[in-house]
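Contents: one structure, followed by commentary.
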Amino acid sequence: MSGHKADAKALLDDRGYSGPLIRGENPANLIEKPLQDRITETYYWKEQCFALNEASLCDRAVDMNFIGGTYGQQKASPFLCLVFKLLQLQPEREIVLYYLHNEEGFKYLTALAAFYIRLTFEPVEIYKALEPLLSDYRKLRRRRNDGFMITHMDQFIDDLLTKDRMCGTTLWKLPKRQLLEDLELLDERVSPLADEIEAIDNENDDAREGDESREGSDYERRNGANGRSRSRSRSSEGR
Amino acid sequence: MPPKRMTANPVRPARYRPGKAVAEEPSSSEEESGVEEEQEEESEKPTIQAPPKATSFPKEATKIANNLKNVDLNERRRVAAAQEAARLEAEKAERAKQEEGFVTEESEEEEEEGSEEEESESEEEESSSEDEAPRKLLRPTFIKKDQRKPANSGPDLKAEDEKWQEEEEKRKAKADELVQEQLEKNAAARAAGKKNWDDDEDGELEQVDDTDGVDPEMEYAQWKIRELERVRRDRAAIEEAEKEREEIERRRNLSKEEREAEDRQFIEAQKAEKEGKGQMSYMQKYFHKGAFFMDEAKDQGLDRRDIMGSRIQDDVSNRDLLPEYMQIRDMARLGKKGRTKYKDMKSEDTGRFGDYGDRARRGGSGGRDERFMSDRERERFAPTGANASEVKERRREEDTPERSRFGREGESRREYSRGGRDTYVPGHRDSRYDESESRYSRRDRRSRSYSRSQSPRRDRYGSERDRRKRSVSPANESYSHEKRRRVDTR
């Protein structure tokens, strides 16, 4: 924070950025270059995002009304401007997690923090931080070129975890969850609806008990699989 | 007095220029009011009587307008004056009632005022009585400084001024109100959260409502659906991965032949599929399926469609029936500039590739005309021309290398080394180099004769040599001898 200036000149300096790096790169490059230009050209950035720190950023985030990438004639949304400001500030982990789980109920601040986490954290931490939010179904206003639409927080998080491009920029490539599970870095995801799913599966199984089930083996595997690690490693297969 | 204008042209009305006061020469003179009236009367009469001339700017129109204006003003003024007078009288009466014992300058002044008014009134009346037509201006009479009153600006004008002031004030008030409203609006908007940089979407934002808790049950149900969908998607992914792994294992466990058998089957299936696809009809337009919307196409079930050979509704079934100009792939380009006449490769091809069915006979020359014979034909009747005759008798020893094969090496060598003959035989050189190798190679080469020419096998090389007029050096010792001799004798 010692070199932190009020404006983002140091961040945007192509010749030599000497601040803290993320994955060995200038954090500004986590957002595509054309989009960076759009962000720095908006009035919102010029007026409101000057000399922000983590606390005043919360004030701005409270005033946010929608999430989105660019709309209209290539105009960057305030959401993106604040994301970019966060990339410049690079707040500490605890602060970001506080944003994520803020008790005041500012969902757009949560969304902002989620986006930042998706860009900057390590894969395992991303999954660990964002997956609890998959049970949060608050509404979010999302703005696109043709207007507004309603999306939900869990949908937003799901898109963050699975899609390549969100909010007008390409997200850093995230390894698939399965890969991490295979590497034993992550546990399997237990859905909050796990019990209900099991119940449904049991019903399905009962219904099909009479016929010869083509996927019988799969069903059995699935049935007992919730909460138990499935045999997916190659060593377990017969050779 | 000379006329004002030096021309004899009729006086045309002055052009109307907005903002500029209209100069009315005949009617604006204050001195000759009487004359003016007379003139007005005169002008009025003829204007009424004479029919209006058909000009773009009728001469009399301005005059009429002016006169009308004058009339109005005067009338108004008189009415106003009368009203003012009445008012003042009333005031005076009131004041007289109120201040009964006050015989001060005021009353004197009032009296004077009154008298002056009366004077002016009488003047007006006089003037009006003098002239029946209404007047525009009062004749200015000189009043002494003591007797001048600021109120003498005229009650009518005063009234006008007041009115004007009132109107102005009203206007100002309105403007202030408007400004006030605007400011209040701005403040309210700012208070409501509309920022300065947000220049758009006022109503749209509120239309899309993002308040939670409007219908908790429904929201929960929707979330449940989404969550189940996600779980299903994850499971499907896992299953696919499993299947792939199984497949890999299975193939590993098969023996090599079985693997090959499976591969062959797969390839054959692919080929069958390819053949099963339709052929492109003649000059069908080719639509590339593109790289970007594959997912959308897949959603709609269109990723496997094949348009080769399919009939399109607008398409002509048999393009050959069309005139040549219309036989094109893409009818959208018909008639457009820059369309080349390129049809297809085969018709544009200028070569005859692969079409050599009639190469056996090449037409042959009809007669024995030398000029039209090909070289091959000519060879038949060679030698001709300068080489028609041999220069020297030559023994044909070229036959010997052909005939002699490996067995007859010694003989041939001996024959070669004998002098007095043209020993310039390629084989001669062989004796100097490695005999076996070169002999074999040379002879074999010559005997094998790699040329494919179908002409009757003549010893070309020999005949070439034979054709020379003079034989080449070593045999021509005599010649060189002569040369030297010539040099010596000098």
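Here are the numbers for the structure shown:
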item: Buried solvent-accessible surface, both chains (B, A), 1.4 Å probe, Å² to nearest 100; result: 3800
item: Interatomic Cα distance distribution for the range B:278-317, bins of 10 angstrom, percent; result: 26, 44, 28, 2
item: Segment residue B:79-residue B:9, length gained on full extension (0.36 nm per residue, minus Cα span); result: 21.0 nm
item: Residue-span extension gain [residue B:304 to residue B:173] - 0.36 nm each, minus C-alpha spacing; result: 39.6 nm
item: q = 0.10, 0.20, 0.23 Å⁻¹: log10 I(q)/I(0) that the Debye formula gives for the range B:256-344, counting C-alpha atoms only; result: -0.45, -1.06, -1.16
item: Cα-Cα separations in the range A:1-104 greater than 17 Å, expressed as whole percent; result: 52
item: Assigned charges on the beta-carbon of Lys, Arg, Asp, Glu; the range A:3-182 dipole about Cα centre (debye); result: 520
item: For the range A:85-138: span of alpha carbons on each principal axis (Å, largest first); result: 29, 24, 15
item: Chymotrypsin sites (Phe, Trp or Tyr not before Pro) restricted to the range A:130-188 and DSSP loop, no more than 13 other C-beta within 10 Å; result: none
item: Over 18 Å between alpha carbons, listed pairs B:224/B:298; A:33/A:75; A:9/A:46; result: B:224/B:298
item: Mean accessible surface per residue for the range A:3-182, computed with a 1.4 Å probe while every protein chain stays in place, in Å²; result: 45
item: All-pairs Cα distance distribution in the range A:3-182, expressed in whole percent, bin size 10 Å; result: 9, 40, 39, 12, 1
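The values are calculated or read from the model by the stated rules, or taken from the named source; none is laboratory data. From a predicted model like this one, the values you see are computed outputs, not experimental measurements. FYI the Cβ positions are ideal-geometry reconstructions off the backbone, even for glycines, and counts take in every protein chain you see. Accessible surface is based on the protein model in full, side chains and every heavy atom, while ligands, DNA and RNA are left aside. Shrake-Rupley method; radii C 1.70, N 1.55, O 1.52, S 1.80 Å.
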